[in-house]
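To keep things clear, I will list the structure first and then write my remarks on it.
The values are calculated or read from the model by the stated rules, or taken from the named source; none is laboratory data. Everything numeric in this text was worked out from a predicted model, so none of it was measured. Don't worry about glycine lacking a Cβ; one is built from the backbone with ideal geometry, like all the others, and counts go over all protein chains shown.
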Amino acid sequence: MTEIFVVEDDENIRELVTYALTSNGFEAAGFERARDFWRAVSARLPALVLLDIMLPDEDGISILKKLKSNYKKLPVIMLTAKGSELDKVKGLDLGADDYITKPFSVLELMSRVKAVLRRWEIDTAPEIINYKSLSLDAGKRSVKVNGAEAALTYKEFEVLLLLLQNQGKACSRDKIMDRVWGYEIEVESRTVDVHIKTLRQKLGAAGDYIVTVRSVGYKIGE
């Protein structure tokens with residue numbers, strides 16, 4: 001399960017954020033002080049860090065510098081009451097992946113968290129993914145079956161990419177809706193089923209690689 005570290009000295013905000021994360025299927029660990037955060041990082045690296053600027057023992061900008069120096073691929077979202085343009089620019093220039101100013105809504109927070117995680121996964125994913133006769137080139141956004149091009153729509157491509165990135169793992173309809181359509185629109189689960197149907201048709205014989213997992217969703221590979 002994806003783990004997120006929350007570095008925030010305000011207990012109420014820290015508990016609110018960690019509760020929101022766990023309610024949305026993440027693991028979350030909260031830290032009031034930088035020293036406890038660094039101790040945890042040395043033991044295990046999270047998938048993302050939510051980082052406040054004003055902390056009692058070390059400011060968030062200093063923490064951000066160290067994180068980006070030692071863990072370049074670790075995404076960080078600044079979570080702070082400082083809302084001036086200068087503070088935002090400074091944080092982003094130092095490598096912050098996003099910047100949320102307090103007060104904020106839980107819905108906005110979750111949307112930003114998932115967006116950053118999606119971008120990070122895309123940035124670190126291999127350009128070309130092969131599975132049997134199927135080849136997907138993420139950079140060129142092309143799909144070939146036995147060397148022949150398969151013309152997919154944008155959403156069909158994204159669904160296939162997600163399944164190939166999770167080979168052997170069942171992707172629930174909710175996960176597919178969240179990752180491909182996002183939180184900005186309401187999507188019914190049957191929309192996923194329709195896209196899977198057309199995707200199978202366009203892939204021809206390779207369409208059989210997409211397996212229905214009863215009461216869950218879909219997967220590619222064992």
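Only a single criterion out of (1) closer than 24 Å to THR22 by Cβ; (2) crowded, with 18+ Cβ neighbours inside 10 Å; (3) under 21 Å from the mean Cα position of the chain (by Cα); (4) among the aliphatic types (A, V, I, L, M) is not satisfied by LEU45, namely (2). Entry remark, the stretch 27-37: residues being over 24 Å from GLU108 (Cα atoms) and touching a residue at least 24 places away in the same chain (Cβ under 8 Å) number 3 in total. Scan the stretch 102-110 and tell me whether some residue there is closer than 18 Å to GLU11 by Cα, surrounded by 15 or more Cβ atoms within 10 Å (Cβ to Cβ) and assigned by TED's automatic domain parsing to the domain that holds GLU11. Yes, the conditions are met somewhere in the stretch 102-110.
Okay, residues lined up against (1) in the same structural domain as LEU109 (by TED's automatic domain parsing); (2) surrounded by 13 or more Cβ atoms within 10 Å (Cβ to Cβ); (3) of a type in the set (A, V, I, L, M); (4) farther than 26 Å from VAL116 by Cα:
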| residue | (1), (2), (3), (4) |
| --- | --- |
| LEU134 | no, yes, yes, yes |
| SER142 | no, yes, no, no |
| THR153 | no, no, no, no |
| PHE157 | no, yes, no, no |
| VAL180 | no, yes, yes, no |
| GLN201 | no, no, no, yes |
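Of the strands (runs of 3 or more DSSP E) that lie entirely inside the stretch 127-222, those containing 3 or more residues that are without any contact (Cβ under 8 Å) to a residue 60 or more places away in the chain span 128-131, 134-137, 210-213, 217-220. Annotation for the stretch 20-39: no member residue is β-branched (Val, Ile, Thr) and either surrounded by 15 or more Cβ atoms within 10 Å (Cβ to Cβ) or in contact with a Gly (Cβ under 7 Å, 6 or more places away or on another chain) (or both). Here ALA20 meets the list (1) within 15 Å of the chain's Cα centre (by Cα); (2) within 19 Å of TYR99 (Cβ to Cβ) almost entirely, failing just condition (1). Listed by first and then second residue, the pairs with beta-carbon distance under 7 Å, at least 6 apart or on different chains, first residue in the stretch 1-26 and in contact (Cβ under 8 Å) with a residue 40 or more places away in the chain, second exposed (fewer than 15 other Cβ atoms within 10 Å of the Cβ) and in a helix (DSSP H, G or I), are ALA20/VAL106.
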